[in-house]
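The values are calculated or read from the model by the stated rules, or taken from the named source; none is laboratory data. Remember, predicted model here, so these are calculated numbers, not experimental data. All Cβ positions, glycine included, derive from the backbone under ideal geometry; neighbour counts span all protein chains shown.
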Amino acid sequence: MAIVTNHEAETTEDAVVPSSRDDAALKADGAAAAAAGAQAAKTRRGALATSGSPLVRPPAAAHLSDEQVAELGRELDAIKDDILAKRGASDAAYIRRMIKIQRALEISGRATLLVSRNKGAWFAGTTLLSLAKILENMEIGHNVLHGQWDWMRDPDIHSTTWEWDFVTPARAWQHTHNDLHHRWTNVVGKDNDVGYNLLRMDPQQEWKPFNLGNPLYNAILAPVFEWGIAIYDLELQDFKDGNKSKEALVKDLKALGVKALKQFTKDYAATPAVAMLTGSGKQALYGTLTANAVRNVWAHAVIFCGHFPEGTDTFTEEMVEGETRGDWYVRQMIGSANISGSKLMHLMTGNLSHQIEHHLFPDIPSNRYAEVAPKVQEICKRYGLPYTTGPMWKQVGSTWAKVFKLALPGGGKA
Amino acid sequence: MPWEKKYASIQHKVNNMIRLRKLARAASVLTTPLAPEDILSLFNPVFSARQLRGVVTRVVAETADSATIFFRPGRGWKAHQAGQWARIGVELDGVRHWRSYSLSAPAGQDPAITVTDVGAVSGVLVRDTRPGDVLFLAPPQGDFVLPEHPRPLLMLTAGSGITPVMSMVRTLVPHRPDADVVLIHSARTPEDSIFREELSELADQFPNFKVTHWFTGERGRVDFSSAAVLDELCPDWRHRAAYACGPEGFLDDAEALWSAEAAAAAAEGSTGSEAGGSHQPEGPFAADPINLIIERFTTSLAAGAGHDGGLVTFEASDREVEADGGTPLLDVGEDAGVLMPSGCRMGICHSCLIPLRAGHVRDLRTGEVHGEPGQLIQTCVSAAAGPVNLDI
């Protein structure tokens, strides 16, 4: 008799759960519901226990009791909840402002390179483009790909749609970085970021004559860092070990090929080609090459400062066996290091200068790390845990010292 | 203003430029991994590679708690038919929310929605929308549209249910002398009655349009329990194609009346034929059983209460599983043999996101129940709170 066209209503927002129904369910289930909830939380695969202890607690945290670690976990959870409650329009405005600034830098830099036969234009264009690339990779790309802005539900700024100005495809990087590195931070044998399968960065890693080249490899890696990461994200070692299928590798290789071709074309073919109109083709090519190298050296330095400076700990697999929520937090804190500096410094590192806070809460908006940092530092102090931080030059020096030291056999902590 | 004019002409040029797809593709060589639209959006917010947008051009207050918002949509919008609705995305404290609103502008003109403040999203739209604001859009859709061939119409509306019908009236009445429209519109008071003056003016001006304003504050709800009211207000109502839009109870009552009339007519028809009579039964039902078209505003799935689970439907995988309220949807899917994306399993890496088609989920870390169609769910830390449909 009737055609009924259903669509969700303007009134969806009013469709709250009737309180009477809520009450009835609570009465019916009573304590059983609470018990079921607790049990369900425990059975969640991958969920960490709220109490207990790992087989071995890391030495830096060995003085803490199970209850203290659990309490520390609750305190850090509370810090996160506080940020999630505050997160809103001002944060959204922040990331949109950053994206606007970055795009303005990008187009003005590239446009200036089109006339880079003029030396001043070359310097200006190269500087602008370097800044654009750094901002894009660090404060925007890295953080968007972490899902820090997913809460906005904006498809233009979302971890599932974002692609960055970096050779490795976003999806490949998200797997090795967000999942493997952040979950297994500094666990030797589980987190390949400890040396990226190239460098010997921990005494626990067996020394081989190949490692004599440690400083050389690192020096070569820095200016081509994006290619190093791209190869790293292919997980060739996993393929060799039979932990990654051939199909998966072929798929990743194809994705990398397409991405690399696009990146290459943009910077080393299209931009110089347009610049040839003003006779600046060669200079523009040098400009984009320089900008990519500058970004690579900077990203390499910042990222190496995250987990390699003196004072950061690495962990054994026993230390994560039976790890509780609180122990997971402890590992993130004592396995990471911050960089101290100005606001501009924090921005240019993509707030990875707050590496400790980032590792505790990888998906809170990056503009909130500065606000969280003093609270985390206070907690570390109160629980007697190291909170490693220092100026950039000192941290970079410290990582290079480690690169040299571990080129030789041994290298246990002095 | 000359500036505006200049701006408009620049925009026109930019629009034309963008229409040249080839040029856009060529430009993307220089903008990759961004699309050229991402750069153009610096200058005009309508541009986006992923998301249809519109810019608000005018906001007109209708009643104390309703307003009409006119907007200029970007590329990708298709012209609406009278009676259709569109999904509109609005930001509340930085978070995108989507709601569906009927378009009240006549077909063939720039789109406009008329919104009544009944909750958080509509409240913001009614109170805080200003010209120049950006609205996120999905193209218009819906089957609540005018019949293909002209025929006498009866419109029954209540409250904000007038909105899609207003689009029909505006499309039909002034332009089609052969139109024959009777509208019975119910609202609480004259002040609450959206479009009251415009409807009365149209009725004065065009003899083919009759309107009855029914104020429930004075006369109570329109009584559909018998045909008496309709017989009085629109004696030939059985011969009209009827459209109804309004709250649930209003539509249920109307539907019941039409069903009863149809059953009666059918019974009459069959007794007639048994008696060997050759004449057609009276009324339009036998000839045309589709006589009442309803636009219903309903939520598709209600949120579960307490720690209820619910039926989880994996739509693309064509699997249904009953899940409890404590098991992550990721585990539910994996146990059901669905190829679920996964990562850290502790809610930090966002590898397991799957779009929610319908229903609500509970965040197992915080206990918060949430869910909006299209929202991406972290399946490793979300459990079903009532029935859930996932797009995988």
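Of all residues in segment B:311-337, which are modelled with pLDDT of 85 or more and more than 17 Å from residue B:381 (Cβ to Cβ)?
Result: B:311, B:313, B:314, B:315, B:320, B:321, B:322.
Working only within segment B:133-160, note down all residues that are at positive phi and assigned to a loop (DSSP other than H, G, I, E, B).
B:142
Inside segment A:363-381, can you point out the residues that are of a type outside the set (A, V, I, L, M) and under 19 Å from residue A:313 (Cα atoms)?
Matches in segment A:363-381: A:377, A:380, A:381.
Test each condition in (1) at the interface with another protein chain (Cβ under 9 Å from one of its Cβ atoms); (2) not in a strand (DSSP E or B) for residue B:115 and report the one that comes out false.
(2)
What tally of residues in segment B:334-362 results from selecting those that are of a type outside the set (A, V, I, L, M) and in a strand (DSSP E or B)?
So the count comes out to 5.
Residues in segment A:290-309: is at least one surrounded by fewer than 17 Cβ atoms within 10 Å (Cβ to Cβ) and more than 30 Å from residue A:390 (Cβ to Cβ)?
no
Out of all the residues in segment B:92-112, which are facing chain A (nearest Cβ under 7 Å) and touching a strand residue (DSSP E or B) at 6+ places or on another chain (Cβ under 7 Å)?
B:96, B:99, B:100, B:101
What is the number of the single condition among (1) more than 8 Å from chain B (Cβ to nearest Cβ); (2) modelled with pLDDT under 95 that residue A:130 does not meet?
If we test residue A:130 against (1) more than 8 Å from chain B (Cβ to nearest Cβ); (2) modelled with pLDDT under 95, just (2) comes out false.
Would you confirm whether any residue within segment A:318-327 is part of a helix (DSSP H, G or I) and closer than 27 Å to residue A:392 by Cβ?
Within segment A:318-327, not a single residue is part of a helix (DSSP H, G or I) and closer than 27 Å to residue A:392 by Cβ.
Go through the residues of segment B:121-132 one by one and say whether even a single one is in contact with a Leu (Cβ under 7 Å, 6 or more places away or on another chain), away from every other protein chain (no Cβ under 14 Å), outside any loop (DSSP other than H, G, I, E, B) and at pLDDT 90 or above.
no
Can you go through A:217, A:232 and tell me which one is closer than 15 Å to residue A:299 by Cβ and either part of a helix (DSSP H, G or I) or within 14 Å of chain B (Cβ to nearest Cβ) (or both)?
Every option except A:232 fails the conditions.
Residue-by-condition table, conditions (1) under 20 Å from residue A:103 (Cα atoms); (2) not in a helix (DSSP H, G or I):
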position: A:137; (1), (2): yes, no
position: A:140; (1), (2): yes, no
position: A:144; (1), (2): yes, no
position: A:155; (1), (2): yes, yes
position: A:161; (1), (2): yes, yes
position: A:164; (1), (2): yes, yes
position: A:173; (1), (2): no, no
position: A:177; (1), (2): no, no
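Could you grab me the full set of residues in segment A:387-399 that are of a type outside the set (Val, Ile, Thr) and buried (at least 16 other Cβ atoms within 10 Å of the Cβ)?
A:387, A:390, A:392, A:395, A:398
List the pairs whose first member sits in segment A:245-260 and is within 14 Å of chain B (Cβ to nearest Cβ), whose second member is of a type in the set (Gly, Ala, Ser), and whose Cβ atoms are under 9 Å apart, counting only residues at least 6 apart or on separate chains?
Pairs that qualify, where the first residue is within 14 Å of chain B (Cβ to nearest Cβ) and the partner is of a type in the set (Gly, Ala, Ser), are A:255/A:172; A:256/A:172; A:256/A:230; A:259/A:170; A:259/A:172; A:259/A:230; A:260/A:230.
Only one residue in A:90, A:116 is of a type in the set (S, T, N, Q), farther than 30 Å from residue A:193 by Cα and at the interface with chain B (Cβ under 10 Å from one of its Cβ atoms), so which one is that?
A:90
I want to confirm something. Restricting to segment B:92-106 and keeping residues that are in contact (Cβ under 8 Å) with a residue 24 or more places away in the chain and more than 15 Å from the chain's Cα centre (by Cα), which single residue is nearest to residue B:245 (Cα to Cα)?
Going through the qualifying residues, I end up with B:106.
Filter segment B:133-151 down to the residues that are over 18 Å from residue B:164 (Cα atoms), at pLDDT 90 or above and not charged (D, E, K, R) and list them by number.
B:134, B:135, B:136 - these are the residues of segment B:133-151 that are over 18 Å from residue B:164 (Cα atoms), at pLDDT 90 or above and not charged (D, E, K, R).
Regarding residue B:9, is this residue hydroxyl-bearing (Ser, Thr, Tyr), assigned to a helix (DSSP H, G or I), at pLDDT below 85 and outside the structural domain of residue B:88 (by TED's automatic domain parsing)?
Here the answer is yes, as residue B:9 does meet what is asked.
Could you list all residues from segment B:355-374 that are at the interface with chain A (Cβ under 10 Å from one of its Cβ atoms) and buried (at least 22 other Cβ atoms within 10 Å of the Cβ)?
B:360, B:362, B:364
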